[in-house]
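Colleague: Before we start, here is the structure in question, set down as structure tokens.
The values are calculated or read from the model by the stated rules, or taken from the named source; none is laboratory data. Remember, it's a predicted structure, so these values are computed and weren't measured experimentally. Cβ placement follows ideal geometry from the backbone for every residue including glycine, while neighbour counts extend to all protein chains displayed. Heavy atoms of the whole protein, side chains included, go into the accessibility calculation; ligands, DNA and RNA do not. Shrake-Rupley method; radii C 1.70, N 1.55, O 1.52, S 1.80 Å.
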Amino acid sequence: MCGELRASDADSKVVLMGWVNKRRDLGNLIFLDLRDRSGITQAVITADAGAEVHDRATAVRSEFVVAVIGYTKLREPNTVNKNIPTGEIEVVADELRILNDCKPLPFSPSDTVLANEEVRLKYRYIDLRRPELHRNIELRHQVAIAIRDHLNAQGFYEIETPFMTRSTPEGARDYLVPSRVYPGEFYALPQSPQLFKQILMISGFDKYFQIVRCFRDEDLRADRQPEFTQIDLEISFPRPETVFRVVEGFLKAAFSTIGVELQTPFPQMSYDQAIRLYGIDKPDLRLPAMADVRAAFARENLESLHVDPELPVLAIVIPRVGDLSRKERDELRLLYPARLAQQNIKVLDDTRRLEKSFPQSIPKVRELSGAGTEDYLVIVAAGTVSFGDGNEGQKPPTGGEVGGSYRSGSGAAGNVPSGLSRLSMRERQIFEGAGQVRLALAQKFADRHRLFERKGTGDDYKLLWVTDFPMFEWDETEQRWNAAHHPFTSPHEQDMDKLESDPGAVRALAYDVVLNGTELGSGSIRIHRQDIQAKIFKALGMSPEEQQARFGFFLEALQYGTPPHGGIALGLDRIVMILAGAESLREVIPFPKTAKAVDLMVDAPTPVSERQLKELGIAVVGKKDL
RNA sequence: GGGGUCGUAGUUCAGUUGGUUAGAACGCUGCCCUGUCACGGCAGAGGCCGCGGGUUCGAGUCCCGUCGACCCCGCCA
């Protein structure tokens, strides 16, 4: 093939077939760069090949499909091309056959500057010829194979589940498929095979996996497509660690396809710790953690800064950025979340001025946060005075003495095993606000701190498990508790008694695997007992009728000998994206959709004929008047 | 649903304060060229300035609307 010939192959007869990547016509001497999926080889057409071959070579253009018959020749030392693996050799053509011509292209796979993504997506088949996309698709294949091999070796069965099904309990909107046989009724495409895999456990297939397409009708992002691929698995009789070891095993196998050796087991961190140290539930461990530096300041100092001394004062350290000018800092503020002002959260970014005002404090801050003098230091803290608005649910209490806002008192009892008090709403806002500032800064100064650069070692990839997620989240608009993961997630045994008294304190046996600040996958130990399931539904405020209507079949199944079970699902697209070093999922999916869920190549979705609609019993209403 | 960036030749881009003939590079067409690899040289073709409206003597440029691509928030494990 085109990318395989080396100096050792000199002087052999070869036939190369491929696309003309580039033609260089020097008159009586013509070079063709021949490309196939393995790479590029230069073919030479000299006068010796005869007039007919020469004429054909003259007629050739970019992306013609040709066959070159000839022999391999070592290049003269001064004509070797060091930029390509086949550069020491070339194929001297005796014969050239044009297998197919090619119209002038909207853009060329060999272009160094990429065309607009709209054009690339419309002519996806041309864009896909680019070696970079070829590499990504190959990588995807290799990763999938490595995972299959690993799971197969561990005794997992790959089992398919239906695409035409009914809604599963994830919270996203469904893609619906109308039924001709039952007009007015619909299948739903699975958001995940969640219930089917749990049923498989009930059926005794105690190790299941599937590399499977999932569908969610939600707004898209660079790392979200409406259809995406999950590595889905479920195990009977597991502890969370059972699942962790399996995932670590196949990720290790997947990463070894790019020559990276991962250290296992991955570190673990509770959700609570993640919020406190990183202000987010998917921490990027490549960057330093935040530190509460309240102790570095005297209470009066904080008060003089209008900072609430009862709440965390968080130092964010961005290494090797150095000091910033006033102008730079002003520009940075635009990057901070607008919410901070509404929530009355202060960002103190003028360290020099702080140092002047509080000469003893800043060295202590540096000590507590580990910030060197080369590093950029920002402090995020809760403001005491609300300027005008600040109306965000709980106003900071007026008056001098400021307690934590509601709920923080109850947490001090120490009922959380980590020994930390439970986060109040206000504390959460501060941690999360600081976490966002931290990420914004890290992104902005990536080329200065250089922590995102790849060295090609396992250090480039910081993986961890985040555990002990809260079981429920409070839904402000609906004024009720929602399942944070899904309603079949098992609570911690120690927290069972709080299901009714204090749902917000119940921790779930749920876990995420996180890589460099990206959530790769999410799973849990499931509920296998019907009585506990009923309690959860009750805590969620779901009536028995509603339970029956949505999950009746499953609740029934639970009662027929369900083993303890649990599992996880990981986003294959995201894994490959990170391994490929790509910025977008579209770079690792052969036929992706746009941010508005349109396939520009086939032009989908489209309206359908009245006849088709009628047969399905569907009438379209609310078409935009045009 | 909200915010931002962008839309000019096949492609990537430039286009001054609103001014008369809208430019460049690559690609394309023709000619020349035996060591190129971003080949080189000469000549040429190629434009609904996304679309619709407005302001103006005059709009690629200003205003309003609309469509599309991308990024972010909301939403989504």
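Colleague: Any idea what the alpha-carbon Rg over 2.2 N^0.38 Å comes to for region A:163-286? List each step's numbers first, then the result.
Modeller: Numbers: Rg = 18.1 Å, N = 124, 2.2 N^0.38 = 13.7 Å.
Taking the Cα Rg and dividing by 2.2 N^0.38 Å, one obtains 1.32.
Colleague: Here's a follow-up. If you place +1 on the Cβ of every Lys and Arg, -1 on the Cβ of every Asp and Glu, and leave all else neutral, what size is the dipole of region A:39-108 about its Cα centre, to the nearest 20 Debye? Don't jump to the answer; show the numbers that get you there.
Modeller: On the way: 7 positive and 10 negative charges, 52 e Å.
It comes to approximately 240 debye.
Colleague: Share of region A:472-626's accessible area from carbon and sulfur, percent, 1.4 Å?
Modeller: Carbon and sulfur atoms account for 52 percent of the accessible area of region A:472-626.
Colleague: Just to verify a number: what accessible area does A:T46 come out at with the full protein assembly present, 1.4 Å probe, Å² rounded to tens?
Modeller: Per-residue accessible area (A:T46): approximately 40 Å².
Colleague: Can you tell me, using C-alpha contacts under 8 Å and at least 6 residues apart, the relative contact order of region A:282-357 as a whole percent? Could the numbers behind the result be given before it?
Modeller: Working: 32 pairs, mean separation 21.3, N = 76.
Answer for region A:282-357 is 28 percent.
Colleague: Bin width 5 Å, origin at 0, all Cα-Cα pairs of region A:218-365: what percent of pairs per bin?
Modeller: 2, 6, 10, 13, 16, 14, 9, 8, 9, 7, 4, 1, 0
Colleague: Using the alpha-carbon centroid of each, what span in Å lies between region A:45-88 and region A:547-626?
Modeller: About 48 Å separates the Cα centre of region A:45-88 from the one of region A:547-626.
Colleague: Strictly over 32 Å apart at the Cα level, which of A:K82/A:K252; A:K535/A:K593; A:K13/A:K455; A:K197/A:K282 would you flag in this model? Before the final figure, lay out the partial values.
Modeller: Working: A:K82/A:K252 34 Å; A:K535/A:K593 41 Å; A:K13/A:K455 41 Å; A:K197/A:K282 26 Å.
Listed pairs above 32 Å: A:K82/A:K252; A:K535/A:K593; A:K13/A:K455.
Colleague: How fast does region A:2-77 diffuse by Stokes-Einstein, in µm²/s, taking the Kirkwood radius from C-alpha pairs at 4 °C and 1.567 mPa s? Kindly include the intermediate steps, with their values, before the conclusion.
Modeller: Values: Rh = 12.6 Å.
Answer, rounded: 103 µm²/s.
Colleague: Ranked by accessible surface with a 1.4 Å probe, highest first, in what order do A:Y560, A:Y278 come?
Modeller: Largest to smallest exposure gives the sequence A:Y560, A:Y278.
Colleague: Full-extension gain between A:T58 and A:E261, please, as 0.36 nm times their residue separation minus the C-alpha to C-alpha distance. Working shown, then result.
Modeller: Numbers: separation 203, 0.36 × 203 = 73.08 nm, distance 4.93 nm.
Here the segment from A:T58 to A:E261 would lengthen by 68.1 nm.
Colleague: Given the -39500 (n - 2.57) contribution per DSSP H run of 4+ residues, what per-residue ellipticity at 222 nm results for chain A, rounded to the nearest 500 deg cm²/dmol? Show your work: numbers first, answer last.
Modeller: Numbers: 20 runs with 183 residues, N = 626.
One gets -8500 deg cm²/dmol as the mean residue ellipticity at 222 nm.
Colleague: At 0.36 nm per residue, and after removing the present C-alpha to C-alpha distance, how many nm does the segment from A:R299 to A:K13 gain when stretched out fully?
Modeller: Values: separation 286, 0.36 × 286 = 102.96 nm, distance 8.44 nm.
Separation in residues times 0.36 nm, less the Cα-Cα distance, equals 94.5 nm.
Colleague: In addition: In whole percent, what relative contact order does chain A give with Cα contacts below 8 Å and a gap of six or more residues?
Modeller: About 14 percent, as a whole number.
Colleague: Carbon and sulfur atoms: what percent of the 1.4 Å accessible area of region A:33-77 do they account for? It would help to have the intermediate numbers written out before the result.
Modeller: Details: 1040 of 1960 Å².
Of all accessible area on region A:33-77, carbon and sulfur atoms account for 53 percent.
Colleague: Per residue, how much accessible surface does chain A expose to a 1.4 Å probe? Answer in Å², no decimals.
Modeller: Working: 31680 Å² over 626 residues.
Accessible area per residue, chain A: 51 Å².
Colleague: Then there is this: Report the Cα-based extents of region A:289-378 along its three principal axes, largest first, to the nearest Å.
Modeller: So the extents along the principal axes, rounded to whole Å, are 32, 31, 25.
Colleague: Moving to a separate point now. Let a ≥ b ≥ c be the square roots of the eigenvalues of the Cα gyration tensor of region A:235-279; is it rounded (a/c under 1.5), or, if not, prolate (a/b larger than b/c) or oblate? Present the calculation step by step, with values, prior to reporting the outcome.
Modeller: Working: a/c = 3.43, a/b = 1.28, b/c = 2.68.
Verdict is oblate for region A:235-279.
Colleague: Starting with the highest mean, order A:49-60, A:133-144 by the number of other Cβ atoms within 10 Å, averaged over the residues of each peptide.
Modeller: Highest mean packing first, the order is A:133-144, A:49-60.
Colleague: Could you give the length gained on full extension between A:E117 and A:Q154, defined as 0.36 nm per residue of separation minus the Cα-Cα distance, in nm?
Modeller: Values: separation 37, 0.36 × 37 = 13.32 nm, distance 4.13 nm.
Length gained, A:E117 through A:Q154: 9.2 nm.
Colleague: If packing is taken as the mean number of other Cβ atoms within 10 Å per residue, what is the order of A:457-466, A:356-365, highest first? The partial results should precede the final answer.
Modeller: On the way: A:457-466: 17.7, A:356-365: 15.2.
So the order, starting with the most tightly packed, is A:457-466, A:356-365.
Colleague: Carbon and sulfur atoms: what percent of the 1.4 Å accessible area of region A:143-227 do they account for?
Modeller: Details: 2180 of 4460 Å².
Carbon plus sulfur share of accessible area: 49 percent.
Colleague: Apply the a/c threshold of 1.5 to the C-alpha gyration tensor of region A:1-153 and tell me whether it is rounded, prolate or oblate.
Modeller: On the way: a/c = 2.23, a/b = 1.40, b/c = 1.59.
Verdict is oblate for region A:1-153.
Colleague: May I ask you to rank A:M1, A:M471, A:M496 by accessible area, largest first, using a 1.4 Å probe over the protein chains only?
Modeller: Values: A:M1 105, A:M471 5, A:M496 45 Å².
The ranking, largest first, comes out as A:M1, A:M496, A:M471.
Colleague: For a quick protection proxy, order the peptides A:247-255, A:544-552 by their average other-Cβ count within 10 Å, most packed first.
Modeller: Output ranking for A:247-255, A:544-552: A:247-255, A:544-552.
Colleague: If a helix is a whole DSSP H run, which ones in chain A reach 20 Å or further along their own axis (Cα) and hold a mean Kyte-Doolittle hydropathy of at least 0.0? Show your work: numbers first, answer last.
Modeller: Numbers: long enough: A:131-153 (32 Å, -0.49); A:240-256 (24 Å, 0.56); A:425-444 (28 Å, -0.47).
Span-like helices here: A:240-256.
Colleague: In percent, what relative contact order does region A:466-522 have, based on Cα pairs under 8 Å that are 6 or more apart in sequence?
Modeller: On the way: 89 pairs, mean separation 22.3, N = 57.
Dividing the mean separation by the residue count of region A:466-522 yields 39 percent.
Colleague: Given that compact globular proteins tend to follow 2.2 N^0.38 Å, what is the ratio of the alpha-carbon Rg of chain A to that value? Walk me through the intermediate numbers first.
Modeller: On the way: Rg = 30.1 Å, N = 626, 2.2 N^0.38 = 25.4 Å.
Compactness ratio reported: 1.18.
Colleague: Sticking with this one: Taking the C-alpha atoms of region A:473-522, how large are the radius of gyration and the largest Cα-Cα span, Dmax, in Å?
Modeller: 12.8, 37
Colleague: Could I ask something else about it? For region A:38-88, just say rounded, prolate or oblate: build the C-alpha gyration tensor, square-root its eigenvalues into a ≥ b ≥ c, call rounded for a/c under 1.5, and beyond that prolate if a/b exceeds b/c, oblate if not.
Modeller: Numbers: a/c = 2.28, a/b = 1.45, b/c = 1.57.
Cα axes put region A:38-88 in the oblate bin.
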